[in-house]
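Trainee: Structure provided below as structure tokens; questions to follow.
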Amino acid sequence: MSAALSPSLLLGTTSAILEDAAFFFSERTDTPLPWAGQLLEAKLSFIGPRKGTMRLVTTTAFGVELAANLLGLAPSDADAAAHARAAVGELLNMVCGAFVAEWFGADQVCQLGIPVVRAIPHPDDAPGDCSICLIADERHRVEVEIILDEVPRP
Amino acid sequence: MGYRILIVDDSPVMRRIVARALAAGGFEASTTHCAENGREALAVLAAHPIDIVFADINMPEMSGMEMVEKMAADGQLPTQPVIILSTERNAERIDRLRALGVRAYLKKPFKPEDLKKVVSALFPLGAP
């Protein structure tokens, strides 16, 4: 069973994974927090009934806290900082896996790529085909978007 | 005497999450090997006795599916327990893995207690 691509679908899967995997409570916001500090951008391609990329942008500070929560460390632990990028990549992997299953349906085969995470000075403002902005634990800005490779035929 | 474990995942974070979940479940590891893809995992399996393999599907170089197919072709799966931990949700691919001889499948993110249930069912008497 499949669903329509929508911000609410993206919100539902992202929020659920943030809570289940990393104990972050999140909510959608139309008035995002300003970006602060270094940012991390993670991208993951998918090929199923539709082809595209899921992109997640957040702060390195969130990546460190995410790694700490996933690994059971204090955020001040150097190991948490060392794993910030990998943690953001794994978050995107889990979100994308859950999202494409909801979007396309579990009866459809969807091949995910390998998450690629990099530090960026500022986010690309080009809007995706579907995007949401979240606040996690009232402190962290997390943006998730779907960028489709092809435009559906009318 | 603890479990001889192989964790196969390209994510260093996920490898640590699995090791941590096993420890939290009371499963003492005598040795924990790690591999970043199926090819590395097969090399570890050829060189070391392993009681249980935890593997992702989506990995570079050699996927978990390819690794399982190779192990099945080599006749390893009846005696080498493999548990898949993946974001994969496609029922047909999960059925294919089970048909090849994978003992269990857990969706990421999984709960430590789910992992504990699966390992306990495989080794009801504890580490072999």
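Trainee: Find the strands (runs of 3 or more DSSP E) located wholly in segment B:6-122 whose residues include 1 or more that are among the polar types (S, T, N, Q), and list them.
Mentor: Passing ranges, in order: B:29-35, B:82-86.
Trainee: Another question about this same structure. Kindly indicate whether any position in segment A:54-65 is in a strand (DSSP E or B), charged (D, E, K, R), closer than 26 Å to B:Ala91 by Cα and in contact with a Leu (Cβ under 9 Å, 6 or more places away or on another chain). Break it down into steps so the answer makes sense when it comes.
Mentor: Quick first cut of segment A:54-65, residues in a strand (DSSP E or B) only: A:54-59.
From what is left, the residues that are charged (D, E, K, R) are A:55.
Right, trim to closer than 26 Å to B:Ala91 by Cα and you get A:55.
Filter once more, keeping what is in contact with a Leu (Cβ under 9 Å, 6 or more places away or on another chain): A:55.
So far as segment A:54-65 goes, yes, one or more of its residues are in a strand (DSSP E or B), charged (D, E, K, R), closer than 26 Å to B:Ala91 by Cα and in contact with a Leu (Cβ under 9 Å, 6 or more places away or on another chain).
Trainee: Out of the residues in segment B:40-60 that are in contact with a Leu (Cβ under 7 Å, 6 or more places away or on another chain) and within 14 Å of chain A (Cβ to nearest Cβ), which is modelled with the lowest pLDDT?
Mentor: Looking at residues that are in contact with a Leu (Cβ under 7 Å, 6 or more places away or on another chain) and within 14 Å of chain A (Cβ to nearest Cβ), I get B:Asn58.
Trainee: For segment B:95-113, name all the residues that are open to solvent by less than 50 Å² (accessible area, probe 1.4 Å) and within 14 Å of chain A (Cβ to nearest Cβ). Steps first, please.
Mentor: As a first pass, look at segment B:95-113 and keep what is open to solvent by less than 50 Å² (accessible area, probe 1.4 Å): B:97, B:100-102, B:104-106, B:108-110.
Of everything in segment B:95-113, those that are open to solvent by less than 50 Å² (accessible area, probe 1.4 Å) and within 14 Å of chain A (Cβ to nearest Cβ) turn out to be B:Leu97, B:Tyr105, B:Leu106, B:Lys108, B:Pro109, B:Phe110.
Trainee: Can you tell me how many residues within segment A:36-52 are touching a Phe, Trp or Tyr at 6+ places or on another chain (Cβ under 7 Å) and either open to solvent by 10 Å² or more (accessible area, probe 1.4 Å) or not in a strand (DSSP E or B) (or both)?
Mentor: 2
Trainee: With the structure loaded, tell me whether A:Asp124 is over 28 Å from B:Gly64 (Cβ atoms), among the acidic types (Asp, Glu) and part of a loop (DSSP other than H, G, I, E, B) or whether it fails that test.
Mentor: Working: over 28 Å from B:Gly64 (Cβ atoms): yes; among the acidic types (Asp, Glu): yes; part of a loop (DSSP other than H, G, I, E, B): yes.
Taking the combined requirement at face value, the residue satisfies it.
Trainee: So which residues in segment B:61-94 are open to solvent by 10 Å² or more (accessible area, probe 1.4 Å), without any contact (Cβ under 8 Å) to a residue 24 or more places away in the chain and within 14 Å of chain A (Cβ to nearest Cβ), if there are any at all?
Mentor: B:Arg89, B:Ala91, B:Glu92, B:Ile94, listed by residue number.
Trainee: In segment A:71-85, what residues are crowded, with 24+ Cβ neighbours inside 10 Å and either at the interface with chain B (Cβ under 8 Å from one of its Cβ atoms) or free of Cβ contacts under 8 Å to residues at least 40 places away in the same chain (or both)?
Mentor: Across segment A:71-85, the qualifying residue is only A:His83.
Trainee: Just to verify a result, which residue in segment B:22-36, among those that are surrounded by fewer than 21 Cβ atoms within 10 Å (Cβ to Cβ) and closer than 20 Å to A:Asn93 by Cα, is farthest from the other protein chains (Cβ to nearest Cβ)?
Mentor: Top of the filtered list is B:Cys34.
Trainee: Sticking with this one: Please list, ordered by first then second residue, the pairs with beta carbon atoms under 9 Å, 6 or more apart or interchain, first in segment B:107-128 and at positive phi, second open to solvent by less than 40 Å² (accessible area, probe 1.4 Å) and part of a strand (DSSP E or B).
Mentor: B:Gly126/B:Tyr3
Trainee: Then there is this: Can you find even one residue in segment A:127-139 that is open to solvent by less than 20 Å² (accessible area, probe 1.4 Å) and among the hydroxyl-bearing types (Ser, Thr, Tyr)?
Mentor: Scanning segment A:127-139 turns up no residue that is open to solvent by less than 20 Å² (accessible area, probe 1.4 Å) and among the hydroxyl-bearing types (Ser, Thr, Tyr).
Trainee: Report every pair of residues separated by at least 6 positions or lying on different chains whose Cβ atoms are under 6 Å apart, first residue within segment B:24-35 and among the polar types (S, T, N, Q), second in a helix (DSSP H, G or I).
Mentor: Qualifying pairs under 6 Å: B:Thr32/B:Ala19.
Trainee: When A:Gly89 is evaluated against the numbered criteria (1) open to solvent by less than 30 Å² (accessible area, probe 1.4 Å); (2) under 16 Å from B:Arg15 (Cα atoms); (3) more than 9 Å from chain B (Cβ to nearest Cβ), which criterion, by number, is the only one it fails?
Mentor: (3)
Trainee: Also, quick follow-up: Looking at (1) more than 10 Å from chain B (Cβ to nearest Cβ); (2) more than 21 Å from B:Asn58 (Cα to Cα); (3) open to solvent by 40 Å² or more (accessible area, probe 1.4 Å), which is the one condition that is false for A:Gly63?
Mentor: Result: A:Gly63 passes all but (3).
Trainee: Let me confirm something: among B:Lys107, B:Lys70, which residue is among the basic types (Lys, Arg) and over 25 Å from A:Glu90 (Cα atoms)?
Mentor: Only one candidate qualifies: B:Lys70.
Trainee: Which residue pairs have Cβ atoms under 8 Å apart, sit 6 or more places apart or on different chains, and have a first residue in segment A:100-127 that is away from every other protein chain (no Cβ under 14 Å) and a second that is of a type in the set (Phe, Trp, Tyr)?
Mentor: Within 8 Å, the pairs are A:His122/A:Trp35; A:Pro123/A:Trp35.
The values are calculated or read from the model by the stated rules, or taken from the named source; none is laboratory data. From a predicted model like this one, the values you see are computed outputs, not experimental measurements. Here Cβ is always computed from backbone atoms with ideal geometry, including for glycine, and neighbour counts include all displayed protein chains. All accessible areas refer to the heavy atoms of the entire protein, side chains included, with ligands and DNA or RNA removed. Shrake-Rupley method; radii C 1.70, N 1.55, O 1.52, S 1.80 Å.
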